[in-house]
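Quick note: the coordinates plus some simple rules give every number you see, no bench work behind them. Just so we're clear, the structure is a prediction, and the values are computed from it rather than from any experiment. Reconstructed Cβ throughout: ideal geometry from the backbone, glycine too, with neighbour counts over all protein chains shown.
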Amino acid sequence: MSSDGRGPMLAQPLRAPSAGRVAALVGLVVLGAVVGAAGALVQGGWFPGGLLLALAGAAGLFLGGARALASRSGAVAPAFGWVVAVIFLTASRPEGDFLFGAGGGSYLFLLGGMALAVICATMGLGRQPGAGGARLGK
């Protein structure tokens, strides 16, 4: 039961997010796309260090978004932008140009970034009911 007497939290009606929250989520999607594109360039340029730098930047954005918005959606929004940008950059053009090579570093960047997105979204703060200062049952 929630502390405000309205019943269980899962039984509450859904409310639309505020305009500020929507703007923050859209900004995180765009920032995720930028980090994905920058990571795609860096990981191929400086192989061992660039790969670690690109993955650390992605992890920092995913976890930072989750902490800033205090919800899992803060990690999912930049992860969505990151995945869209990276998948878009892996597609070859009719001329035969592509950004990613067939090396192991590219696959580590793709799979590692997706794994980091799942990990950070799982570690993100979920919705918690408001609790009083006392223990339950008292």
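What is the calculated FRET efficiency for residue 30 to residue 95, with r their C-beta to C-beta distance and R₀ = 25 Å, to the nearest 0.05?
Numbers: r = 28 Å, r/R0 = 1.10.
Plugging the Cβ-Cβ distance into 1/(1 + (r/R0)^6) gives 0.35.
So for the pair residue 122, residue 41, with labels modelled 7 Å out along Cα→Cβ, what separation do we get in nm?
According to this spin-label approximation, the distance is 3.3 nm.
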